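S.K.: Please find one structure pasted underneath; my questions will follow.
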Amino acid sequence: MAEQQPNQVQVKINDEILKAVYANGVNVAYTPEEFVLDFMTVFPPAGIVSSRVVMSPGHIKRLAGVLSENIKRFEEQHGEIKAGIQNEHKFGFRTE
């Protein structure tokens with residue numbers, strides 16, 4: 001019997017997303033159906049949400065596992081990551 005090849009998914013990225021955005025903060029909110037991650041760039045006294053990602057609880061749990069595993073690998077290669085100072089800012093959102 002021939003070996004089965006795993007399904008391959010071709011993923012495209014457009015130029016606008018390829019540019020990336022900087023974030024130095026994240027706000028996490030959730031409902032029973034989804035997690036909302038608002039990545040923001042904060043330079044007091046102001047900040048702006050630079051990207052919003054909405055994921056199912058199952059996907060967010062897999063993301064947490066993947067991040068944990070990659071942090072472990074990174075630290076094995078480069079040494080412990082220092083967490084830095086926790087931001088004490090209270091964030092409030094407004095629309096323009």
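S.K.: Just need a number here: residues in the range 9-47 that are part of a loop (DSSP other than H, G, I, E, B) and farther than 19 Å from residue 62 by Cβ.
M.R.: Qualifying residue count, the range 9-47: 12.
S.K.: Search the range 46-73 for residues that are in contact (Cβ under 8 Å) with a residue 40 or more places away in the chain and pair each with any residue that is surrounded by 13 or more Cβ atoms within 10 Å (Cβ to Cβ) and outside any helix (DSSP H, G or I) when their beta-carbon atoms are under 6 Å apart and the residues are at least 6 apart or on different chains.
M.R.: 47/40; 49/38; 49/40
S.K.: Being closer than 27 Å to residue 16 by Cα and either of a type in the set (D, E, K, R) or touching a residue at least 24 places away in the same chain (Cβ under 8 Å) (or both) is the requirement here; does residue 76 meet it?
M.R.: Judged against the criteria, residue 76 is not a match.
S.K.: Since residue 60 meets every condition but one in (1) modelled with pLDDT under 95; (2) in contact with a Phe, Trp or Tyr (Cβ under 9 Å, 6 or more places away or on another chain), which condition does it not meet?
M.R.: Residue 60 satisfies all of (1) modelled with pLDDT under 95; (2) in contact with a Phe, Trp or Tyr (Cβ under 9 Å, 6 or more places away or on another chain) except (1).
S.K.: Of everything in the range 10-39 that's surrounded by 10 or more Cβ atoms within 10 Å (Cβ to Cβ) and touching a Ser or Thr at 6+ places or on another chain (Cβ under 7 Å), which residue is farthest from residue 64 (Cα to Cα)?
M.R.: The qualifying residue farthest from residue 64 (Cα to Cα) is 21.
S.K.: Considering (1) out of contact with any His (no Cβ under 8 Å at 6 or more places or on another chain); (2) surrounded by 10 or more Cβ atoms within 10 Å (Cβ to Cβ); (3) β-branched (Val, Ile, Thr), say which one residue 42 fails and leave the rest.
M.R.: (1)
S.K.: Same structure, new question: Mind checking whether some residue in the range 78-87 is modelled with pLDDT of 95 or more, surrounded by 10 or more Cβ atoms within 10 Å (Cβ to Cβ) and not in a loop (DSSP other than H, G, I, E, B)?
M.R.: The answer is no; no qualifying residue exists.
S.K.: May I pose another question? Are any residues in the range 1-59 farther than 24 Å from residue 84 by Cβ, small (Gly, Ala, Ser) and in contact with a strand residue (DSSP E or B) (Cβ under 9 Å, 6 or more places away or on another chain), and if so, which ones?
M.R.: Answer for the range 1-59, where residues must be farther than 24 Å from residue 84 by Cβ, small (Gly, Ala, Ser) and in contact with a strand residue (DSSP E or B) (Cβ under 9 Å, 6 or more places away or on another chain): just 56.
The values are calculated or read from the model by the stated rules, or taken from the named source; none is laboratory data. From a predicted model like this one, the values you see are computed outputs, not experimental measurements. Reconstructed Cβ throughout: ideal geometry from the backbone, glycine too, with neighbour counts over all protein chains shown.
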